[in-house]
């Protein structure tokens, strides 16, 4: 929502997904309703709406340009842009807006009614997404555990039948596809919103450090994992690679989570600040800068430090726009950016500070409360994913290691028998053998008859490592998509999944070696 760096898209290229535009549309209508409180001309409203860095801003900018440069009436321009819009919500809004202007309806009343209906619609859609997210997170846990057990059963079935490693490969591909589908469903079920804000000139220090750590540590971790892991066997080497990559993601992930927590705390205190500064400015009849001197900073909650710096800047004679831009950049919150810009632009346009502050406060409080519902669902799912991932990897690695050791024991025993019997052992008539060996009476039992047909479990073990990698990535992405926020949070969830996979792959073979003794 920064007009200084915003370059609008062509109308035809704006997303047709109403869900992706709903948050922007609510912000757009709230901004327009605050401008309407100032009684500014229609041209001002559309030009200012078009300058907003929102997905919906390009539609209003296109209408404004058609009116100013093509000489069209607003009702005609709105109909034309409605025909170009792909999103049904934008198309219906512009058609209603055109009809309202043609009928002579008050623009202020129309915008306020649309803002209220948009707020109700956004709340209902958000609640629906949260409910869907609850169901899909439960389903995700169920299907991931199920495909893991199917993978284990396929390994055991291959051992006890004539099926070869190709069957294991098919099941491994199935696990990867199901995991991918599960992550995608969670991504689609989660509400679409923008939580963080990066200013044109700066961003919060924690976020900047998180990006720097990601660019520096992750390549080093990957190279270290490949270099060190290649010196060991498949399971030990893979464990080392997972641990190296996971450890390299930890600094960036921790910084990203701290930044996300700060943004959410700022958002939770924002509505109090907006209502207070609007009320104070309206009571003393001053602008927002002077109203800051009469605010009890300690009552601003988590925003107290940012408000203190904002007051110092405005009191030092720094231009108001620069002061508020610094306030937004330091917060790193998209909600702070949008709501504070609404307030400042509305008051500067002539709106009463108390009315503008109340409208902005209502908007910020509604968004903050909706996000709290999502956070509850996402946090529960995140805590569930950690033990679930550890259990899944443990089962896969443990069963695979047992099968490998059992196969090695059979190989050693067969070679010992072969050493006593020469080239092989004659199986007596009438003796039934397991299907995996498939020997009839009178045939030789030689060292070449092992489990999985060829006796080489290397390909199957390699497939299991690939499945572990796919599950690690899936269980790192799913919690991040469920909680929303900055993409840097993926580093945190992925680091936990990688460390769990690495530790399990390092410890379980040792446990299996001690427990499996024949």
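I'm trying to understand the selection: among the residues of the stretch 360-370, which are surrounded by fewer than 23 Cβ atoms within 10 Å (Cβ to Cβ) and either touching a residue at least 40 places away in the same chain (Cβ under 8 Å) or closer than 25 Å to residue 176 by Cα (or both)?
361, 362, 365, 366, 368, 370
Does at least one position in the stretch 323-338 carry a residue that is outside any helix (DSSP H, G or I) and more than 19 Å from residue 204 (Cα to Cα)?
For the stretch 323-338, residues outside any helix (DSSP H, G or I) and more than 19 Å from residue 204 (Cα to Cα): absent.
Would you say residue 279 is part of a helix (DSSP H, G or I), crowded, with 17+ Cβ neighbours inside 10 Å, in contact (Cβ under 8 Å) with a residue 12 or more places away in the chain and not assigned by TED's automatic domain parsing to the domain that holds residue 493?
Against the criterion (part of a helix (DSSP H, G or I), crowded, with 17+ Cβ neighbours inside 10 Å, in contact (Cβ under 8 Å) with a residue 12 or more places away in the chain and not assigned by TED's automatic domain parsing to the domain that holds residue 493), residue 279 qualifies.
Could you tell me which of the residues 411, 401 is in contact with a helix residue (DSSP H, G or I) (Cβ under 8 Å, 6 or more places away or on another chain), assigned to a helix (DSSP H, G or I) and either at pLDDT below 90 or surrounded by 17 or more Cβ atoms within 10 Å (Cβ to Cβ) (or both)?
401
Which of the residues belonging to the stretch 344-355 are over 16 Å from residue 49 (Cβ atoms) and assigned to a helix (DSSP H, G or I)?
347, 353, 354, 355
Against the definition (closer than 30 Å to residue 172 by Cα and in contact with a helix residue (DSSP H, G or I) (Cβ under 6 Å, 6 or more places away or on another chain)), how does residue 126 come out, yes or no?
no
Taking residue 215 as meeting all but one of (1) assigned to a helix (DSSP H, G or I); (2) assigned by TED's automatic domain parsing to the domain that holds residue 321, write down the number of the exception.
The number of the failed condition is (2).
Checking residue 86 against (1) assigned to a helix (DSSP H, G or I); (2) under 30 Å from the mean Cα position of the chain (by Cα); (3) farther than 25 Å from residue 36 by Cβ: exactly one of these is not met. Which one?
For residue 86, the failing item is (1).
Which residues, counting only those in the stretch 220-243, are over 18 Å from residue 467 (Cβ atoms), without any contact (Cβ under 8 Å) to a residue 12 or more places away in the chain and assigned to a helix (DSSP H, G or I)?
Answer for the stretch 220-243, where residues must be over 18 Å from residue 467 (Cβ atoms), without any contact (Cβ under 8 Å) to a residue 12 or more places away in the chain and assigned to a helix (DSSP H, G or I): 223, 227.
Which of (1) without any contact (Cβ under 8 Å) to a residue 40 or more places away in the chain; (2) in contact with a strand residue (DSSP E or B) (Cβ under 9 Å, 6 or more places away or on another chain) does residue 334 not meet, given it meets every other one?
(1)
Taking the options 333, 379, 339, name whichever one is under 25 Å from residue 118 (Cα atoms) and either outside the structural domain of residue 285 (by TED's automatic domain parsing) or over 18 Å from the mean Cα position of the chain (by Cα) (or both).
None of the others qualify; the one that does is 339.
Here are 206, 221: which of them is under 30 Å from residue 513 (Cβ atoms) and either under 20 Å from the mean Cα position of the chain (by Cα) or buried (at least 17 other Cβ atoms within 10 Å of the Cβ) (or both)?
The match here is 221.
The values are calculated or read from the model by the stated rules, or taken from the named source; none is laboratory data. What you see is a predicted model, and the numbers here were worked out from it, not measured in a lab. Here the Cβ is made from the backbone with ideal geometry for all residues, glycine too, and neighbour counts use every protein chain on show.
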